[in-house]
Structures are given as C-alpha cells and as structure tokens.
Amino acid sequence: MRFRKDAKLDRSQVEDYRGRRTGGAPMALGGGGIVTLIIVLAIVLLGGNPLGGSGGGLGDLAGQTAGTQAPGATLEHCQTGADANEHEDCRILAVVNSVQEYWTGAFRGYEPARTRFFEGGITTGCGAASSAVGPFYCPSDRFIYIDLGFFDELEGFGAASGPLAQAYVIAHEYGHHVQNLTGVLRRAASRDTGPQSDAVRVELQADCYAGVWVKNAMRTGLVEQITRADIQDALTTAAAIGDDRIQEKTQGQVSPESWTHGSSDQRQSWFARGVESGNPNGCDTFSGRV
C-alpha cells in the first residue's frame, strides 16, 4: 500500500495525545473495536460484549465526561503522502483521511469522526480507557481511539505487519461510526453472543465496510497503490483476530456460543465480500446466516 507523494494530509482529523496520560483507570468492559489485546482477550471473550449497553462501543460507560485536555502533539511532521509512506503515525492519518473521503462521497449526510492517538490511558465519552482495550469507537463522542503500540501486539498474535493490515483496523472502526450514523448500533444493542448473534453481525458488517473502502481507496486521491499482497495482509489479520483463533490461543479450546466478533472464516469472508463488491449495500449481515 502506497500513498501519492504529493497528496496533502488533513491533520485536523487526528488528535495526538501521545506523551501524556489523560485517563488512568482501565475500562470495565472490552471495547467495540477490532479485538482486545492478549492480556484481556480471555476475559472479554468469555463474558464481555463489544456493544455495551448502547451498542457499537462501550455503552455501559457512556455518559461519563470526556477529557478536555489539549493534545500533547500536533503531527506537524505529517504533511503529505510522502510522509505517510515513511512514518507510521502519518500513515494512519492518511488512512483516516482516505476512509472519510470515501464515506463522504458514498453516504449522503456522512458526518466525519476524528481519531485520537494515545498511550497508556485516556478519558473518553465512554469512560476511562487503557491501552489494553485495543482500538475502539466510542459512539458517545464519535471518536476512534487507538494506542499505536497495538499494532506490535497484533503482529505477535499472528497478524500481518503490512500497511493495509493496519489500515484494515482503522477502516473497521470507521465502519462502526457509519453503523452509528445509520442506527445499526442502536438497533443491534442486544447482549447475545454466538456465531449468528447481533454482536457478531455488527463486527462482520464493519469488516465488510473496511473491504469496501479498500476497493475504492485509490479513488479518494490519497492512495496510489494497493496490491494483492496488501489485501492478503489484511485477510491474514482478519483471520488472526477471529474469535475461534483467539480462543484456541488463550483458552486452548473453542466456545462458539461466546463469540462476539466472528470466526476467522467469517471475518475473512465478509472483508473479502466488501473488497469484491466495493458497495456498502453488499454488507447486509443482518439478513440470513453469516
């Protein structure tokens, strides 16, 4: 995956809180993001719900006051696509720009959501979060939160290290933002689990939306090239974070009745479906079996 060297980056879409701790207590629930880190995976998969009470994030903590601290950094070194090709944080910024450029054109009435980088912990509209929660979308304040160190943890769990593998994580979280805007998170806020549960259907739709962006990424004016090898990296990552793969690694056995994000096959299949169709209308995970 490569960005156009002369493409201009919009730094206003990402706030950088790295270098300052803005919230210390870990969240009570696993996030609505792509996967929790290994240290809390077993707990979340055995009893957590990625939707929380209000869906699509950490709803049981919603209503708590978000932090008002100013960002500790400004990403001044991230000016162009050339910077995105060289620096990880600039690359994630470029992905955010591209994903939102796509959804602005594809979804009438799309309202942008910003991303916040942090380290250690941060206070959000959904409560205090620690890095152990992993990337997540908070529907209460409409921010995506990520500690970039997560990508190193993800590689250690069998995910690919390529740029599109990382972009898949971000695009998935923005898929949850789209679900929030369309009302899917609210309608699917039940606490059921299992391969055909609403929780899994929400996550698979976000995977599919991530694939749709991949199909259209080069049309956004920022992405110059996506190769088959890049797409395979994203598929490898989708497989690595399937509930069955995670349970096998953390518990030594697979318990489908507790799934909240979908199996490796499900996640790969719906991401691939998005890449193949390039159309959000092909991401209906709520009709029939998934």
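The values are calculated or read from the model by the stated rules, or taken from the named source; none is laboratory data. Since this is a predicted model, take the numbers as computed values, not measurements. Every residue, glycine among them, receives a Cβ derived from its backbone with ideal geometry; neighbour counts consider all protein chains shown.
A few points about this structure:
- Number of residues in region 189-198 that are surrounded by fewer than 16 Cβ atoms within 10 Å (Cβ to Cβ) and either in a helix (DSSP H, G or I) or in contact with an Asp or Glu (Cβ under 8 Å, 6 or more places away or on another chain) (or both) equals 3.
- If the condition is being among the hydrophobic types (A, V, I, L, M, F, W, C) and more than 12 Å from the chain's Cα centre (by Cα), then region 209-236 contributes VAL212, TRP213, VAL214, ALA217, MET218, LEU222, VAL223, ILE226, ALA229, ILE231, ALA234, LEU235.
- Residue match in region 145-166 (condition: part of a helix (DSSP H, G or I) and within 21 Å of SER12 (Cα to Cα)): yes
- Of residues in region 234-290 being among the basic types (Lys, Arg) and modelled with pLDDT of 95 or more, the one surrounded by the most Cβ atoms within 10 Å (Cβ to Cβ): ARG267
- Picking from residues in region 257-274 that are closer than 10 Å to ASP207 by Cα and hydrophobic (A, V, I, L, M, F, W, C), the one that is nearest to the chain's Cα centre (by Cα) is PHE271.
Residue-by-condition table, conditions (1) surrounded by fewer than 20 Cβ atoms within 10 Å (Cβ to Cβ); (2) under 26 Å from THR236 (Cα atoms):
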| position | (1), (2) |
| --- | --- |
| ALA82 | yes, no |
| ARG114 | yes, no |
| GLY134 | no, yes |
| PRO139 | no, no |
| PHE143 | no, no |
| ASP147 | no, yes |
| PHE151 | yes, yes |
| GLY158 | yes, yes |
| GLN166 | no, yes |
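- Any hit, region 173-188, residues being under 18 Å from MET1 (Cα atoms), among the basic types (Lys, Arg) and assigned to a helix (DSSP H, G or I): no
- Residue check, ILE170 within 21 Å of GLN13 (Cβ to Cβ) and part of a helix (DSSP H, G or I): yes
- Only a single criterion out of (1) more than 16 Å from the chain's Cα centre (by Cα); (2) modelled with pLDDT under 95; (3) at negative phi is not satisfied by GLU155, namely (1).
- Residues located in region 111-144, provided they are in a strand (DSSP E or B), under 16 Å from the mean Cα position of the chain (by Cα) and among the aliphatic types (A, V, I, L, M): ALA129, ILE144
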